[in-house]
Amino acid sequence: MGSVSGVPSSVASGSASASTEQLVQPLLADAVDVARAALLDAGETGVGAYLGVAAEDDCAATHRFAAELPGYRGWQWAVVVAAAPGSDRVTVSELALLPGPDALVAPRWVPWNERIRPGDLGPGDLLAPPAGDPRLVPGYVATGDPEIDETALEIGLGRTQVMSLEGRLEAAQRWYDGDYGPDSEMAKAAPSTCRLCGFYLPLAGSLRAAFGVCGNEFAADGHVVHSAYGCGAHSDTTLPTGAGSPVHEAYDDSAVEVVALPPAEAGAEAHAPADAEGTVPEASEETGSGSAGDTESAENTESTENTESTENTESTEDTTAEPAAVAPPEQTD
């Protein structure tokens, strides 16, 4: 397989404009078969469809072919052909396998000292500032006098290096643009600012005018916040009137509730069922004589049933009592 090497940018990009293609000499543009044969003669496999040609200069051009190789999706075979001015012969200068515009390639190499990102430092890790770090400038130099050096430590001059103006400006801009700056969504919806909050602890030095640390454990506790930042946990926050759940009296489910029922309507009597004596409600005048006849028939039927029931009862009682009236048999000597 051909080596993966660097070629002019027009080949690496995998595309060429129409105007560039027009500048290719006809002799070089027609050397498609020569370029393909060069790949096959070199023992390369997976030479696919022809993709086009791009001019490198007046005497050279690059032909591109799709690479049909496992694991090289989107890559291209590039063959550089050349011809001297006035010559009618084309020669092959170089061939290589290069990534196309849609090829999967490794990310850009980054030096090890530039790979550290915010948040990468863990417990026990050591990270020294680079030499000549513009964020730091020399600080107080010890004099050897204990009284002077101790006083210098108390007023913050006992460090060998302090942040430079450039370092402080970079930090201030980073904090301003961060999640605790005045343009964050939390700050836009806050009722007030940190500058007026009792939990706001201003920084010392030149950054005191714009930055401080939040001391509210329910807010941005321990984070550097801009003085124009704010949140709903401001020390002066008050709940709106009427907030919270409404007050209800306790419900006693053991008490007996007396419910007064409304009086019965007059029309309900017409639909009442017959009473225990077997009477039925009187028929309305609209029923006529037919209703009266039905009533008499019902009374006769009830009378007959009552008579038969009485007779059956008496007969049963007489039958039951007869064995008690039989005299015992006479005894003989």
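Observations on the structure shown:
- Cα-projected label distance for GLU170 with ALA84, points at 7 Å along beta-carbon direction, nm: 5.6 nm
- Were the residues from VAL256 through ASP33 laid out at 0.36 nm apart, the gain over their Cα-Cα distance would be 69.7 nm.
- Between THR238 and ASP125, the C-beta separation translates, for a Förster distance of 56 Å, into a calculated FRET efficiency of about 0.75.
- Cβ-Cβ FRET estimate between VAL162 and ASP102, R0 fixed at 41 Å, reported to 0.05: 0.20
- Site pair HIS248 and VAL213 shows an inter-label distance of 4.8 nm when each label is modelled 7 Å from Cα along Cα→Cβ.
- Solvent accessible area, Å² - SER235, 1.4 Å probe, full protein context: 50 Å²
- Accessible-area composition of segment 58-150, carbon plus sulfur, in percent [1.4 Å probe]: 58 percent
- Shown are THR91, THR62, THR238, whose ranking by accessible area with a 1.4 Å probe and every protein chain present, most to least, is THR238, THR91, THR62.
- For LEU153, the shell of other residues with beta-carbons less than 12 Å away shows a net charge of -3, using +1 for Lys and Arg and -1 for Asp and Glu.
- Listed peptides 75-86, 44-55 appear in the order 75-86, 44-55 once ranked by packing, highest mean of other Cβ atoms within 10 Å at the front.
The values are calculated or read from the model by the stated rules, or taken from the named source; none is laboratory data. Because the structure is predicted, anything quoted here is derived from the model rather than measured. A quick note on method: Cβ atoms are made from the backbone with ideal geometry, for glycine too, and the neighbour counts reach across all protein chains shown. Heavy atoms of the whole protein, side chains included, go into the accessibility calculation; ligands, DNA and RNA do not. Shrake-Rupley method; radii C 1.70, N 1.55, O 1.52, S 1.80 Å.
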